[in-house]
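Have a look at the structure below, then the notes.
The values are calculated or read from the model by the stated rules, or taken from the named source; none is laboratory data. These numbers were taken from a predicted model, which means no experiment stands behind them. With ideal geometry, Cβ positions are generated from the backbone for all residues, glycine too; neighbour counts draw on all protein chains shown.
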C-alpha cells in the first residue's frame, strides 16, 4: 500500500516495571520530506518486548485519544526498529498523532493483546500476517475498528478459519483484505467467493477461487485462472 | 480359565460357593460381610480381606493337567502349598491378581459422585480438579449411562452462545464462556463461529428488548440495538416487516460444535484424574436425622451415604460410598432427584417440593437453500420464536422453533415430526427471509431440553434437606453456554462453601418452595 520509505533508525525506550525510566541510545533520525498530514506508523517487535510494547502502546493511545487534531509534523511513515530492536525516543513526539497503520506481522499478539489495537480509533491499515495466535475469536473482536479500517492482512495466520472470516462483515469500509495462505480454511476458493459476496466493496486478495477445484486430466499444467475482478 | 477353575473347584468343593457368589445373580452389597465379595475393589490399591466368599482361583501353570488327578486324592503337600499360594495372593504384600477383570466397576469410595457425564457434569468435574488444593485431594467419579451420548442434550444441541438474556446472572454465566477463548492447555478447538446473535422484536416486545439490552450492557455484553432501517442496510436479505427493533450481539456470541467441546472436555478431565463409570444410578442409600429449625419446626435432614451404580447391560451393581452427589443428569434430573427423596412429602412443604425439571423434546431441522443468506448470517431469532443459523459453507441452515405449551410433543422418544417444520417453523422463517421460500430439508433430529417448568432457569446449589446433593441442571436449552461458569460455581460451592466468581444464589432450589421466580424471558 504505502511506497517503501527509508527505514528510520529508532531506538525503543525500555520501560522498567512501574517507572518511566527511558534507557536507550538515540540515533540520528532520517526524515524524509514533509507530509501534509501527519501520519505515523509503528511496528511491533518480537515477543519478549511485547508486554512492554503493549504498555507503551496503551500510554501512547491515551495521549492519542485526547488530542486528535494535532496531526501535522514532519513525519515519517514507518517507525521501525533497528537491528537491535530499539526504537528512538523521537517517537514520543508522535504521541498526539493518531496511529494510522499497524504492522504486527509475525508478532505473538493474542486475544487479550488486541485491547491495545482496538483503542486506535483511526486505524486504517492493520497487518497481522503470520501471527501465530490470532484466531477466530480475535477476528470477532475487530468490529470497533469498523469505521476506519480499510486494509486488513491476515495472510499466513495458522489459526484463522472461514468461521472467523464471517465476522469481518462488520468492517464496512474495508477496501483490501488479504486472506492468502490460511492453512486452517477448509475450502479457500469457496471461502474467497463467499467473503467477496459478503464485502462487496472490498478487494479480496489471496485465495484463488479455482483452488480446490479438481483439475481435469486434460489440464496437465495447473493454469491458475485470474481472480474475479472485484 | 473358567474351565480350569471349575475343575479345581470340583476337586475341592470350594468353588460351589464361589460360583454362586460371583457372576450370576445380583450382588447384595449389604451382605453380612459388608462390602467384601470381591466387588470391584480398586485394582492395585485395595485388597479385599479374606472371607469365606472369596474364591481361590490362581493361574498357577503348575496345576495344568494335574487337576483330574486331584479328585479324591490325599496329596497333602500339594494341597497345602496350593492353599498357601492362594492365601498369599490375597493377603497384603503379595501381587493382587484378581481372577477377573473389574475395571468396568466404579471404585468403592469416591469423594464426589457426579451423576451425568454431559457438558455440565464434565465441567463440574473439570473445575473440581482445577480448583482443588492440594492436587489429587479429591476423588471425582462421573457416572454416565450412555457413553455414545445418543440422547444427551449436549450432543444434540445447536450449539449457540449468547449473552442476550434478561436475567443478569444468565448474562454473566454466558460471558464466562469467553473463558473458552483463552488458550487452554492443550488448546481446544471448538469450531467457534463468532457471528453473533440477532434477536428481532415486534412492537409488543420492543420495550422489553430495550430494557434487556440495558441490563446486558451493564453486565458487560456488547450488544447493539438496530432499527429496521439499519437492519435492512446490514442484512439486505431480511424482510423487516413487523420488526420494530433488533438487538445484535457483537462479541463472544455465535455458535460452536458441542461435540468437540464434549470430547475435548472428556479427554481433559480424564487426564486430570477424574474417574469414569459406564453405568446408571439406581439407588441412593441415605440416613436421616431430625432437627429443629430456629422457629421450632421439625425438619428431617437426609444425607446420602452410598450411590448404587448399576453397570450397563448387566444386573451387577456397585455401591459407591460418597461424600457428595452432584445431580447433573440433564433431562433425567427429575428422576435422580426422586431417587434421593426430593419431593417425597406432603405437597406445599419443603419436603414435598419436587425438582421441577422435566424433559421436553425439541426438533432441529437442517435445510439447504441455494439463494439463502451468505457468510455474514448471524444466529437469527425471530419475534415469533423461530430461529435459524448458517451451517458450513454450502448454503445449509439449521433451525427450529420452540413449540407452545399446548403443542409440546411427547418426550418419550426422539422421533422427529416433519409436519412441525411445515406448519410452525417454515412459515415464519420464509416470511422473515424471503429466500427461504424455496428450500429443501436435508435432515432433522430431536433432542431434549432439561426444561425447568417453574421459571426456565437453572437450578444450582445444594438441596436444603438432602444436604449433600447438589444440583446443576434445569437450564432449559441454554445449559451448553453456561456450562463453564456453572461448573466453576458448583466447584466453588463444594470446595469453599460459597460462590466466588458469579453469585448464583438466585438459582437455589428453595425458590421453588418460596415461589420466587427468576423468570428468563429470552428463552429460545
Only one residue in B:341, B:345, B:330 is assigned by the TED database to the domain that holds residue B:125 and at pLDDT below 90. Which one?
-> B:345
Counting only strands (runs of 3 or more DSSP E) entirely within segment B:361-463, those with at least 3 residues that are under 24 Å from residue B:481 (Cβ atoms) and within 14 Å of chain A (Cβ to nearest Cβ) are B:386-391
Residue pairs qualifying under the 6 Å Cβ cut-off, at least six apart or on distinct chains, with the first in segment A:192-218 being within 14 Å of chain B (Cβ to nearest Cβ) and the second being part of a loop (DSSP other than H, G, I, E, B) and at pLDDT below 65, are A:192/A:209; A:193/A:209
Within segment B:118-133, is even one residue modelled with pLDDT of 85 or more, surrounded by fewer than 24 Cβ atoms within 10 Å (Cβ to Cβ) and either part of a loop (DSSP other than H, G, I, E, B) or not assigned by the TED database to the domain that holds residue B:308 (or both)?
-> yes
Look through segment B:252-273, keep the residues that are surrounded by fewer than 21 Cβ atoms within 10 Å (Cβ to Cβ) and within 14 Å of chain A (Cβ to nearest Cβ), and return whichever of them is farthest from residue B:381 (Cα to Cα).
-> B:260
Residue B:288 versus (1) within 14 Å of another protein chain (Cβ to nearest Cβ); (2) outside any loop (DSSP other than H, G, I, E, B); (3) without any contact (Cβ under 8 Å) to a residue 24 or more places away in the chain: which is the lone unmet condition?
-> (1)
Set A:145, A:165, A:123, A:171: member being within 14 Å of the chain's Cα centre (by Cα), crowded, with 20+ Cβ neighbours inside 10 Å and modelled with pLDDT of 85 or more | A:145
For segment A:176-190 the number of residues that are in contact with a strand residue (DSSP E or B) (Cβ under 7 Å, 6 or more places away or on another chain) and within 13 Å of chain B (Cβ to nearest Cβ) is 3
Residue count, segment B:214-237 (criterion: surrounded by fewer than 22 Cβ atoms within 10 Å (Cβ to Cβ), in contact (Cβ under 8 Å) with a residue 12 or more places away in the chain and away from chain A (no Cβ under 12 Å)) | 9
Any chance you could count how many residues in segment B:99-108 are surrounded by 17 or more Cβ atoms within 10 Å (Cβ to Cβ) and modelled with pLDDT of 85 or more?
-> 4
So the helices (runs of 4 or more DSSP H) completely within segment A:105-175 holding 1 or more residues that are touching a helix residue (DSSP H, G or I) at 6+ places or on another chain (Cβ under 6 Å) and at the interface with chain B (Cβ under 10 Å from one of its Cβ atoms) are A:136-140, A:162-165
Residue tally, condition part of a helix (DSSP H, G or I) and out of contact with any helix residue (DSSP H, G or I) (no Cβ under 9 Å at 6 or more places or on another chain), over segment B:213-237 | 9
